[in-house]
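J.: What follows is a single structure, and I will ask about it in a moment.
The values are calculated or read from the model by the stated rules, or taken from the named source; none is laboratory data. Remember, predicted model here, so these are calculated numbers, not experimental data. Cβ placement follows ideal geometry from the backbone for every residue including glycine, while neighbour counts extend to all protein chains displayed.
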Amino acid sequence: MNTRQCLSCGTQESMQHFERRSLTVNYKDVSRWVHGIAGWECRACGEIIFDNDTDSAERYSDAGDKLLEECFHVMGAEMKRIRRKLHLTQKEAVKLLSGGGHNAFSRYERGELSPPQPLFNLMRLLDRHPHLLAEIHAMNEGSELRRLLAARFPEQETAPVP
């Protein structure tokens, strides 16, 4: 049996060589198989080191990059579909939902960046419950904030906004 010391945990003779193994690369709840991997695995801590004389590390890395790209494009297309369903421009969606910049939102929709999980979740909720967009409009208009302030500080008089 071909073994050596683990570089990660330091356990002697715990790294065991393997060939033609299938490993998964994961992003969020999505995974892809990468077949024919060769390398070393620690029986103590589970660390895997790819063989230098094979293309295992490159193929594993490429599969991870491709998975990220696919997920970003799917999430971006979903955000764009939902935004259009809600009849919002990108500028309106930024103002109402994210508070971020227009360029970032555009990059989410083009699949260049992963949208923040809370924003993606909000978009998916609005897809299922589009009537909640009216609530978001009301919150952004300030009437909700005025109501909360009046409840919290009833002795304060609020001035009308010009």
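J.: Given (1) at pLDDT below 95; (2) exposed (fewer than 12 other Cβ atoms within 10 Å of the Cβ); (3) closer than 15 Å to Met75 by Cα, identify the lone condition not met by Lys91.
T.: So the condition that Lys91 fails would be (3).
J.: For the range 1-52, what are the residues that are under 30 Å from Pro118 (Cβ atoms) and among the hydrophobic types (A, V, I, L, M, F, W, C)? Before the answer, list the steps.
T.: First, the residues of the range 1-52 that are under 30 Å from Pro118 (Cβ atoms): 24-32.
Across the range 1-52, the qualifying residues are Val25, Val30.
J.: Follow-up. Looking at Leu88 and the list (1) in a helix (DSSP H, G or I); (2) over 15 Å from the mean Cα position of the chain (by Cα), which single condition is not satisfied?
T.: Unmet condition: (1).
J.: I'd like the full set of residues that are loosely packed, with under 13 Cβ neighbours inside 10 Å, more than 27 Å from the chain's Cα centre (by Cα) and charged (D, E, K, R), limited to the range 44-71.
T.: Asp53
J.: Among the residues of the range 113-128, how many are within 18 Å of His73 (Cβ to Cβ) and either in contact with a strand residue (DSSP E or B) (Cβ under 8 Å, 6 or more places away or on another chain) or in contact (Cβ under 8 Å) with a residue 12 or more places away in the chain (or both)? Spell out the reasoning first.
T.: Taking the range 113-128 and keeping what is within 18 Å of His73 (Cβ to Cβ), we get 113-117, 119-120, 123-124, 127.
Imposing the further condition that a residue be either in contact with a strand residue (DSSP E or B) (Cβ under 8 Å, 6 or more places away or on another chain) or in contact (Cβ under 8 Å) with a residue 12 or more places away in the chain (or both) reduces the set to 113-116, 119-120, 123-124, 127.
Summing the residues that are within 18 Å of His73 (Cβ to Cβ) and either in contact with a strand residue (DSSP E or B) (Cβ under 8 Å, 6 or more places away or on another chain) or in contact (Cβ under 8 Å) with a residue 12 or more places away in the chain (or both) in the range 113-128 gives 9.
J.: Quickly run through the range 113-149 and pick out the residues that are charged (D, E, K, R) and either modelled with pLDDT of 95 or more or on the phi > 0 side of the Ramachandran plot (or both). Walk me through how you get there before you give the answer.
T.: We begin by selecting, within the range 113-149, every residue charged (D, E, K, R); these are 124, 127-128, 135, 141, 144, 146-147.
Within the range 113-149, Arg124, Asp127, Arg128 meet the criteria.
J.: On the basis of being surrounded by fewer than 17 Cβ atoms within 10 Å (Cβ to Cβ) and in a loop (DSSP other than H, G, I, E, B), does Pro130 make the cut? Lay out the reasoning, then the answer.
T.: Numbers: surrounded by fewer than 17 Cβ atoms within 10 Å (Cβ to Cβ): yes; in a loop (DSSP other than H, G, I, E, B): yes.
The answer is yes for Pro130.
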